[in-house]
């Protein structure tokens with residue numbers, strides 16, 4: 001089942017073209033990373049999927065229907081980047097309030113508070129919560145009603161490393177249960193292991209689309225091979241760049257097509273250890289930003 005389908009979508013605000021000819025799909029049980037510089041069109045894309053605005057041209061379908069349909073909206077969970085709650089309500093009261101708004105079962109509240117680690121604070125007022133606790137409460141409200149589509153905008157803001165790991169483990173379980181998830185984030189290293197598909201926007205246009213493997217293949221970025229105990233005078237014509245990391249380790253960069261040949265040569269040498277690191281999501285993102293001429297407005301965030 002196609003959960004989100006964007007077909008030649010264009011969005012204008014007056015004369016300002018914010019999205020131009022965007023087409024991509026998200027299937028059931030897939031996790032999609034939506035990335036781009038500030039102003040690339042990510043927020044507008046999310047608003048279109050949520051049915052908060054109407055596309056200027058093209059078509060947006062969510063769960064096979066219109067995102068403006070109230071029944072479709074009930075099946076979407078959303079965590080905004082800057083979430084705010086009524087400070088005088090407790091955590092439990094907040095979730096009961098949102099459950100009523102969404103038409104979701106209030107019996108979920110206790111289990112959701114437990115999932116995000118807020119059981120002990122459930123009867124404390126939200127004004128006493130730390131930023132990380134408010135973020136976890138926001139994740140819980142997004143999960144009310146067992147949404148078929150979950151949209152998370154900068155979900156790890158304010159979370160410590162343990163809470164961040166727990167969040168990604170939760171995302172993994174949701175994916176296995178068939179929930180489709182869209183993650184918007186500037187914290188690229190953390191999200192890399194959990195996404196099935198990548199959409200990179202630049203200046204409102206779809207700059208890259210595919211799995212990490214596909215994008216690595218398309219970009220043709222060099223692979224990093226780190227070797228311990230390699231002779232400092234070792235050389236090979238396949239090596240694009242060679243760096244001495246410390247007394248033990250060297251980094252060799254090589255084209256993907258030459259990776260196996262070089263590894264075979266290295267294993268014939270008296271080396272102590274070897275690590276192969278493909279181009280990261282951050283490397284891929286920077287490559288496509290440079291290709292789009294968006295480095296000056298994007299940077300790496």
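A short reminder: the numbers here are calculations on the coordinates, not readings from a lab. Because the structure is a prediction, the values reported are computed rather than measured. Positions of Cβ are generated from backbone atoms using ideal geometry, with glycine treated the same way; all protein chains shown enter the neighbour counts.
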query = When the chain is fully extended, how far beyond the present Cα-Cα distance does residue 240 get from residue 1, taking 0.36 nm per residue of separation?
reply = 81.7 nm
request  = With runs of 4+ DSSP H residues as the only contributors, calculate the mean residue ellipticity of the chain at 222 nm using -39,500 (n - 2.57) per run, divided by the residue total and rounded to the nearest 500.
outcome  = -9000 deg cm²/dmol
key: Fraction of beta bridges assigned by DSSP in the chain that are antiparallel (%, nearest 5)   = 65
ask   = Short version: what are the Cα gyration tensor semi-axes of the range 222-278, square root of 5 times each eigenvalue, largest first, in whole Å?
value = 16, 12, 10
task = Can you put 289, 1 in order of Cβ neighbours within 10 angstrom, beginning with the fewest?
result = 1, 289
request  = Return the percentage of antiparallel bridges among DSSP beta bridges fully within the range 122-210, rounded to the nearest 5 %.
outcome  = 50
request  = For residue 57 and residue 69, compute 0.36 nm times the residue count separating them, minus their Cα-Cα distance, and round to one decimal in nm.
outcome  = 2.5 nm
ask   = To the nearest 0.05, how large is the calculated FRET efficiency for residue 127 and residue 168 if R₀ is 22 Å and r is the Cβ-Cβ distance?
value = 0.20
key: Share, in percent, of DSSP beta bridges within the range 113-265 that are antiparallel, nearest 5   = 75
query = So what's the angle, to the nearest 10 degrees on a 0 to 90 scale, between helix 131-142 and the longest Cα principal axis of the chain?
reply = 70
inquiry  = On C-alpha positions alone, give me the angle between the axis of helix 161-176 and the longest principal axis of the chain, in degrees, nearest 10.
reply    = 80
task = Set the Förster distance to 30 Å, then compute FRET efficiency between residue 187 and residue 84 from the Cβ-Cβ distance, nearest 0.05.
result = 0.90
Acute angle (nearest 10 degrees) that the helix 91-102 long axis makes with the longest principal axis of the chain, alpha-carbon atoms = 80
Selected from 131, 232, 102 as most flexible by GNM, with the chain as the system and alpha-carbon contacts under 10 Å = 232
